[in-house]
Each structure stands twice: as C-alpha cells, then as structure tokens.
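Asker: Below is one structure. I have some questions about it.
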Amino acid sequence: MRRFLVLRVVGKLLIPFMLLFALYVQFHGDFGPGGGFQAGVIGAAVIIFYALIFGLPAARRVVPDAVVESMVGLGVLLYAGVGVAGLVLGGNYLDYFVLGSDPVSGQHRGIFWVEAGVAITVSGVMLKIFYMFAGRGRSLEDE
Amino acid sequence: MSVANHVASHYSYWVTVVLMVAGLFIVIARGNLVKKLIGLSIFQTSVYLLYIAPGKLIGGTAPIVAEGFRIYSNPLPHVLILTAIVVGVATLALGLAIVVRIREAYRSIEEDEILAADRDGEDRA
Amino acid sequence: MTLAHLPALVVVVPLIAAPLTLLLRRPGVAWGIATAACAFSFAAALLLAAEVALHGPVSYHIGSWPPPWGIEYRLDVLNAFVLVLVSGVAAAVAPYAWRSVAAEMPGDRVYLFYTMFCLCVAGLLGMAATGDAFNLFVFMEIASLSSYVLIALGRDRRALLAAYQYLVLGTIGATFYVIGVGLLYLMTGTLNIADIAERLPQVRGTRPVLAALAFITVGVSLKLALFPLHLWLPNAYTYAPSAVTALLAATATKVQVYVLLRFYFGIFGLKLVTETLPMPEILLALSVVAIVTASLVALWQADLKRLFAYSSVAQIGYITLGISMASKDGLTAAVVHLFNHGITKGALFLLIGGIAWRVQRAGFDRLRGLGRSMPITSLGIVIAGLSLIGVPGTAGFVSKWYLVLGAIEAGRWWLAAFIVATSLIAVAYVWRFVEAAYLSAPGERTPGRGEPPLAMLLPAWLMVAACVYFGFDTSFTVGTARRAAALMLGEAP
C-alpha cells in the first residue's frame, strides 16, 4: 500500500481530522450522540488506517506495544479512581454529586473523567486486538 | 386484525424474531467456527432491536435535551444497548482470537475436522 | 467509614486489582495483588454476612442515586451466603495458583492469568451482590468472558476448543437472559429487582412475562449446566488449568443457581412459577435425568478430572432437584448443597491439580498406587469423595439429608429412594479412585514419592477440612439456608 501515492497523501491529510473528530465525539457525549466507547473506537480506527497504508511496523513505532497495553490498564484505573474519589470525598462509590462545588458541576466532572477512562481503555483494546491479529498473520505465512 | 396489518404494526418485533432465529440457526447449522461467531453476532443484534424499538415514543424526539421539545424517547434502552454492544464486541473479539489459536493448533477451522483430529488423538494417546 | 461501603468494596477491590496486575507485569507482584484482593473480599464478605444476619438486608446505592433510578447493591441472607462461598474459594485458590500456574504456563504470561482471575472473581462477586437485573448481566458477562480466557490458557490444545464451545453456549445463555430482562423491563418499566417484584403482580399472567420466565430459565440453565444444556462443562473443566477448574467448579455454576433462585422466588414469585407454568415438574424431570445419566457417564471416564466434571453435572442436578420441590426443606437443601458442593469440588480439583503438578494428566493409568506415592493427596481426595457421596460426618450428607426430607414431605417416596440409590453410583466412581490408588500396584507411569508443594497442599486441605467441619457444625450453612428458604417463600424463618 505504501506504493500508492494517492493513498499516502490523502491518508496523511485526513488523519488529523479523523483524530479531531474522535475528540469531538468524546467531549460531546454529554450533549449529543457520542461518548467514550465511540470515540475510543474512532481513535483506534485512525491508527489502524495508518497501519493499513504505511504498514504495521510503522504503526508500532507511532504507538508502541507497551503504550497500548498500559492504556488498557490505565483507563480502567481512571474509571475506578473516579469511583474511589467519590468514596474518599464522602459519598458512595461512583458518586458524582460530591465531586464538584454543586451537584450539577460534580456530575459534569465525573462524567468527563469516566468517559476519558473509557475512551483510553477502548482505543487501547481495539489497537491491541489489531496488533495481535495483524502481527500473527505473518508467522502463519512463514510456515 | 388482518395478517398484513398485524405484521405492519408489530414490524420491529417480527424483524427481531427473524434475526434471532436466523442467528441461532447459523450457530447450530454451520460447522465453520467463524460462521458460528457471525451467527452469534446476528443473534445478539436482534436483542438490541428488541430493547430500542419500544423505547421510541410516538411523537418523541431523540433523548437529548433541546428547546421546544416536551416528549423525548426513552434514553435508558440506548444506554443498556451501548453496554450490550460493547459486550458483544468483546465476545466476538475473544471468539475470533480463540479461532486464530485453534487454526494454529489444528490447521483447520471446520468443526468436524477438529473433532476428528481430537478423536484420532484420543485413540492414539 | 469503610464498613458502610463494604457492599461496593467487596466487588471493587478485585476489579481494581485486575488493571493493577496488568500494569505491574512481574508474576510475583501480580500474584501478591490478586491474593491480597481475594483475601480482602473474603474478609469483607464475612463481615457483610454477619451484618446481614444481625441487622437484616443491607442496601447500598451506587453513585448515591436512590433506587429504582440508580443501581442498588442489595444484600440479604441468600446473596451474602453466596458472597462468602465465592470469596472464600477465591481466597483459597489464589495462594494455590502461585505454584500451580507457574508450572502450567510460560512465565511471561503469568501476570495475564492473574488479571483474568481478578476479573472473574470481581464478576462473580458482582453478580451475587447487585440488586439490578441489567447490572447482573454486565457482571455475568465479565465473569464469563474472563473464564473463557482462563479455560483457553490450558496446556492441551483441546482447551481452545473447550473455551470456544463454552463461549458460544455461554453467550447464547447470557443473551437469552438479556431477552428475558428486556421483556420484564418492557412490562414493568424498571430494572431494579425489588422494584420489578413489586410491579409484577399487576401484569403477572401476561404472555411477555411468561416468555420472560422461559427465556431467563433457559439462559440461566445454559450457564448452570442443567441437563441437556451441560455439554460445555466436561471439556471446559477437563482441559482448563488446575486452579481455574477449582475456581470455576466451586463458584461459577453456583452463582448461576443463585440467579435462578433470585428470579424464580424473588421476582416471579412462587405462584407463577409453580402454578401457571409447570416449572417444578420440568425441573424435576431434568434433574432426575441429569443425576442418573451424568453419574453413569462418570463411571466410564478414563481421566480423573473428566470423571469429577461429569460428577459436577450430577450434583447440579441435586441442587435443581431441591429447587423443583419449592418447599422449605427443598430450598434449604438446594442452598446448603450449593455451598457444600462448592467446597467439596473446590477441594477435589485443588487436590487433582496437585496430582497434575506431578504427572501432567490425571489419567487412571498414572494413578495406580498413588496411595503410597502421594498419601496426603490421596487421603484428601478420598475424604472429599466421601463428602460427594454424602457419608454422615461430611458436608455432603447434610445436603442429601434435607433433600430426602423434602422428598418425603412432598409425599414422593420414590424420589427419596432415588436420591439414596444415586449416591451409590457416586460410591462406585469414588471407589474407582480408591481402587486405583490404594489397591493397585504402582504402574510404570505413576510418580515416585512426593507431595505437591505446601503452597498447593495447604489450601486444598483447608477445603477438605471445611468439608468435614461443615458436616458436623451446620449452624452456619443450614441456619443461613433455612433463613434464605423462608425469605424466598415469603414465610417467617
């Protein structure tokens, strides 16, 4: 795929906008369709798109394996951390009301961080799945 | 009520049933491991329809707070189905990963060939 | 402060332990985190069980949203009991897994085992603790997906096919459950279990509710391996790593029995289940067939793990037999056997894992003369086998006693005789092990003298001791079971 000039150029032009769209979907989950899962999948799709055009080793240089695996864990810890923060600040587990100065801003803050955690984990998982499946095909061909 | 009328007014439920049974049939009737997973996926999709279609209220708009609208469709089924879709994706990914490993171990993804290989292995062991 | 939050923490601590083991990759650290989390959950479950026994049901509002709008964790005698079982078994298997898993898996993947282990335990505990029907589905899938991975980690390549079959059948089961919950939601407008129970009487006889009952029954039966939906169980238990078999055999199906009990008696109610639909007769028929066929098939197995896997299917038949009686003694028997079978099979599979640590596969050809080469392990298996049969002085006897009482109370003398007769089949398959281990000369594949390491032997023997202890001191098991049965039937304890 690297040989096709049109794919390379258009890919490089589009990728920043796709990432921006992923961030848009992420932060507008409060006000429209969207949220962590959708944004995470779009973000992972961007890297997969890059890998399809420029090859898996290039994508592995952009987002290394260790980063992907830590993303998976960090997102879950962020979500659980918001829950524990609710506990520490005096409410129940996953209580958003106590996270801000008034209940509504607390809800906004809680949802923001929780969705961030979801997006990190989901894009990490989708990327990991792609790396695992794509990386495996090579060893089968060699046999 | 005539049959056509009944089907038309319960359209989403009929589609749900057709998808459900089609998915289950593929799981049971096909021997290829990947096809079984696709049947499973179709079966799970029918459930999403079962939840969301009744959530739409007549005259209701999308469940997003906006000026000038008083009737909103029920947002809870959407949330439940987002969760169910994620679970379905995770199941599909896990199933496909297991199929990849089975392919490497048995060199085949047809269920009858794999079971035959296991039976031969048992006789020899 | 923390005591009030225990209902959430008992689930959250293993859930947080999972990504921690993923990030801190070293096997020793991962094992330490997993064991600490399981130990904390066990302590929390014991405290919660004591609290519920003294002060009645405990309700916890996740996110401080009041039910029925928010998700509620509701602990009464029944699910506090299940929490104690699951966390207890997990707390025993986690230290055992240190040596067992290190021997059965390449070193660089051991931390992933502990991630899945923590997720499975968190899922099972969450299933037991939650009071929301859809939240139950989420935890059900967390536990199931992690158990598919755990089974696929087995050494034999047949573990992969076993995991795949379990995945397909388990997902169908969970989806049927979701369809049932969806129909209930459409009819009552709520997902909170207590709230559904309140609103159901108005719509009780309608077709969607009956369809929901049918879907939930079939879905949960797939997961609890009720005959004829048990086909995934023998392969899954045989080829999974030893620690995984012990954990799943002792807990996974038991929590599904709890789900069935909660839906039948907590939501649908005795009248709908027994009178409108012939559930007791169907369950009776399926249980009887399960017990007989699974016990007979167990007799012919060449592999010890597979033998006890089929035995598990038969024992689950005993539990559903108790449920089918729908009387106080029957339900007491079901709940008591849930616990007793859990600890018995946990002990058995932990000990068999000790044998597997020496000889890779516990086929009968390798077990000849095991009584001399591994005396402590063999003795443990015999004692746990006695509990399986139901010999007086072991936990299994208590469950069989209440089952027979329930059968006699219902006027079904043939059923009481049947329960005693099928215990004789259990004698036959336990005798196969006794004969091979104690009455045969050592074969060429029998290991030499030497027990598995103490880290593996100690948790296994703790569970064997529990089998004997709960055969004599039944105040905890039977007392809680009677209160749970009374709660389910709506009577005074």
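Values in this text are rule-based calculations from the coordinates and carry no lab data. Nothing here was measured: the structure is a model prediction, and the numbers come from that model. We place every Cβ from the backbone using ideal geometry, glycine too, and count neighbours over all the protein chains shown.
Asker: Between beta-carbons, use under 13 Å as the cut-off and find the net charge around C:L85, counting Lys and Arg +1, Asp and Glu -1.
Answerer: Result for the local shell: +2.
Asker: Given the pairs A:K128/B:K36; B:K35/C:K254; A:K12/B:K35, which span a C-alpha to C-alpha distance of over 30 angstrom in this model?
Answerer: B:K35/C:K254; A:K12/B:K35
Asker: Let me ask another. At 37 °C and a viscosity of 0.692 mPa s, what translational diffusion coefficient does Stokes-Einstein give for chain A, taking Rh as the Kirkwood radius over Cα pairs? Give it in µm²/s as a whole number.
Answerer: Result for D is 197 µm²/s.
Asker: Could you tell me the center-to-center distance, by alpha carbons, between the range B:6-68 and the range C:401-442 in angstrom?
Answerer: So the two Cα centres are separated by 47 Å.
Asker: Shifting gears a bit: I'd like the mean, over residues of C:304-313, of how many other protein chain beta carbons sit within 10 Å of each residue's own Cβ.
Answerer: Averaged over the peptide's residues, the number is 0.
Asker: So what J values fall out for the range A:71-82 if you push phi through Karplus, 6.51 cos²θ - 1.76 cosθ + 1.60 with θ = phi - 60°, rounded to Hz, Gly and Pro as x?
Answerer: With the stated coefficients, the range A:71-82 comes to 4, 4, x, 5, x, 5, 5, 5, 4, 5, x, 4 Hz.
Asker: With +1 assigned to the C-beta of every Lys and Arg and -1 to the C-beta of every Asp and Glu, and no other charges, what is the dipole magnitude of the range C:281-493 about the Cα centre in debye, to the nearest 20?
Answerer: Roughly 500 debye, rounded to the nearest 20.
Asker: I would also like to ask the following. Enumerate the amide H contacts of C:G363 below 5 Å, restricted to partners 5 or more residues apart or on another chain; note that Pro and chain-start residues carry no placed amide H.
Answerer: The answer is C:L304.
Asker: Find the centroid of the Cα atoms in the range C:36-64 and in the range C:452-477, then give the distance between the two in whole Å.
Answerer: 23 Å
Asker: Another question, if that's okay. If you wrap the range C:1-277's Cα atoms in a convex hull and average its projection over all directions, what's the area in nm²?
Answerer: The directionally averaged projection comes out at 14.2 nm².
Asker: Step through the residues of the range C:58-75 one at a time and calculate ³J(HN,Hα) from phi using the Karplus curve (6.51 cos²θ - 1.76 cosθ + 1.60, θ = phi - 60°), rounding each to whole Hz and writing x for Gly and Pro.
Answerer: 10, 10, 10, 9, 5, x, 6, 8, x, x, x, 6, x, 7, 10, 9, 10, 10
Asker: Chymotrypsin sites (Phe, Trp or Tyr not before Pro) within the range C:52-121: which are DSSP loop residues with at most 16 other Cβ atoms inside 10 Å?
Answerer: Hits after loop and neighbour filter: C:W69.
Asker: Report the trypsin sites (Lys or Arg not before Pro) located in the range B:3-96 that are in a DSSP loop and have at most 13 other Cβ atoms inside 10 Å of their Cβ, or state none.
Answerer: Qualifying residues, ordered by number: B:R70.
Asker: Right, next: Using alpha carbons only, what's the Rg to Rh ratio of chain C with Rh from Kirkwood?
Answerer: 0.95
Asker: Counting DSSP beta bridges in the protein assembly as shown, what percent are antiparallel, to the nearest 5?
Answerer: Expressed as a percentage, antiparallel bridges in the protein assembly as shown total about 90.
Asker: Same structure again: Where Lys and Arg each count +1 and Asp and Glu each count -1, what net charge lies around C:G330 among other residues with Cβ under 11 Å from its Cβ?
Answerer: Overall, the nearby charge balance is 0.
Asker: Mind checking C:176-183 for the average number of partner chain beta-carbons within 10 Å of each residue's beta-carbon?
Answerer: The per-residue average across the peptide is 5.
Asker: Just to confirm the filter: which chymotrypsin sites (Phe, Trp or Tyr not before Pro) across the range C:225-319 are DSSP coil and have at most 15 other Cβ within 10 angstrom of their Cβ?
Answerer: Listed in order of number, the matching sites are C:W300.
Asker: Stick to Cα atoms and the Kirkwood definition of Rh, then tell me Rg/Rh for the range B:1-105.
Answerer: Rounded to two decimals, Rg/Rh equals 1.12.
Asker: If you don't mind, there's one more thing I want to ask. What number results when the radius of gyration of the range A:1-78, computed over Cα atoms, is divided by 2.2 N^0.38 Å?
Answerer: Relative to the rule-of-thumb radius for its length, the range A:1-78 sits at 1.23.
Asker: Whats the longest run of chain C with zero GluC sites (Glu not before Pro) that are DSSP loop and have at most 16 other Cβ atoms within 10 Å?
Answerer: So the longest stretch without any such site is C:1-443.
Asker: Here's another thing I want to ask about it. How far is helix C:110-129 tilted off the main Cα axis of chain C, in degrees rounded to 10, range 0 to 90?
Answerer: Taking Cα atoms only, the helix is inclined about 30 degrees.
Asker: Please compute the average number of Cβ atoms from other chains found within 10 Å of each residue's Cβ in peptide B:100-110.
Answerer: 4
Asker: Count charges around A:G86 for me, please; just the other residues with Cβ under 12 Å from its Cβ, Lys/Arg as +1, Asp/Glu as -1.
Answerer: With Lys, Arg at +1 and Asp, Glu at -1, the neighbours total 0.
Asker: Determine the dipole magnitude for chain A: charges of +1 sit on the beta-carbon of Lys and Arg, -1 on that of Asp and Glu, nothing else is charged, the reference point is the Cα centre, and the result goes in debye to the nearest 20.
Answerer: 700 debye
Asker: Something else now. So what does log10 I(q)/I(0) come out to for the protein assembly as shown at q = 0.06 Å⁻¹, using the Debye formula with one equal point on every Cα and no solvent?
Answerer: -0.37
Asker: Here is a follow-up. Residue by residue through the range C:259-268, which ³J(HN,Hα) values in whole Hz follow from phi under the Karplus form 6.51 cos²θ - 1.76 cosθ + 1.60 (θ = phi - 60°), with glycine and proline marked x?
Answerer: 4, 4, 4, 4, 6, 5, 9, x, 10, 6
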